[in-house]
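A.B. asks: Shown below is the structure under consideration.
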Amino acid sequence: MKINFKKCKLCGNVIWTLNDKDIKCCNEDMIDLEANSVEASFEKHIPNYEINNNKMTISVNHVMEEKHYIMWIMMVSDSLVYFKKFNPLDEAKVTFDYNGPCTIYSYCNLHELWSINVD
Ligand SMILES: [Fe+2]
């Protein structure tokens, strides 16, 4: 399924939505987030994945420090959304059920949204 990510330029709140309507936060229109568009290391932000027995293990090769970390990983298939939130000292790794083609997203607190498509 196609989802859209939006960020509030004032408070930093990030949301996802199934539509592309203008949504306000802090009384301002939220800005659209484009994955893989921030100037930063691709290898350190793009989700890596392995599929085994209908399970998909996803990890991000990124530091997990108080000031710089992967905040969440999300997997979006045709009809399902899986979401895992992380704290700074966690390992950026999670296993979800694998249901076929999907898009995996990761979100860095400094370098925003990254994604990879899985066939
Ligand atoms: Fe980062």
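A.B. asks: List, in order, the whole-Hz ³J(HN,Hα) value for each residue of the range 24-38 obtained from phi through the Karplus relation with A = 6.51, B = -1.76, C = 1.60 and θ = phi - 60°; use x for Gly and Pro.
C.D. replies: 9, 9, 6, 6, 10, 4, 6, 8, 6, 9, 9, 5, 6, 10, 8
A.B. asks: Could you list the residues of the range 95-119 with an amide nitrogen less than 17 Å from a label point located 7 Å from the Cα of Asn53 in the Cα-to-C-beta direction?
C.D. replies: Counting only backbone N, you get 95-99.
A.B. asks: Can you tell which of Tyr69, Tyr98, Tyr107 shows the greatest fluctuation in a Gaussian network model of the chain with Cα springs below 10 Å?
C.D. replies: So, out of Tyr69, Tyr98, Tyr107, the one fluctuating most is Tyr98.
A.B. asks: Students often get this wrong: which residues of the range 105-119 have the backbone nitrogen under 18 Å from the point 7 angstrom along Cα-to-C-beta of Asn36?
C.D. replies: Within reach of a label on Asn36, which here means backbone N under 18 Å from a point 7 Å along Cα→Cβ, the range 105-119 contributes 105-108, 111-119.
A.B. asks: Two decimals, Cα atoms only, Kirkwood Rh: what is Rg/Rh over the range 1-55?
C.D. replies: Value, to two decimals: 1.10.
A.B. asks: Whose amide H sits under 5 Å from the amide H of Leu33, counting only residues 5 or more places off or on another chain, with H placed in the peptide plane?
C.D. replies: Those lying under 5 Å, H to H, from Leu33 are Phe5, Lys6, Lys7.
A.B. asks: In the chain, how does Rg compare with the Kirkwood Rh, expressed as the Rg/Rh ratio over alpha carbon atoms?
C.D. replies: On the Cα set of the chain, Rg over Rh gives 0.96.
Read the figures in this text as sums done on the coordinates, not as results from a lab. What you are looking at is a predicted structure, and each value in this text was computed from that prediction instead of being measured. Don't worry about glycine lacking a Cβ; one is built from the backbone with ideal geometry, like all the others, and counts go over all protein chains shown.
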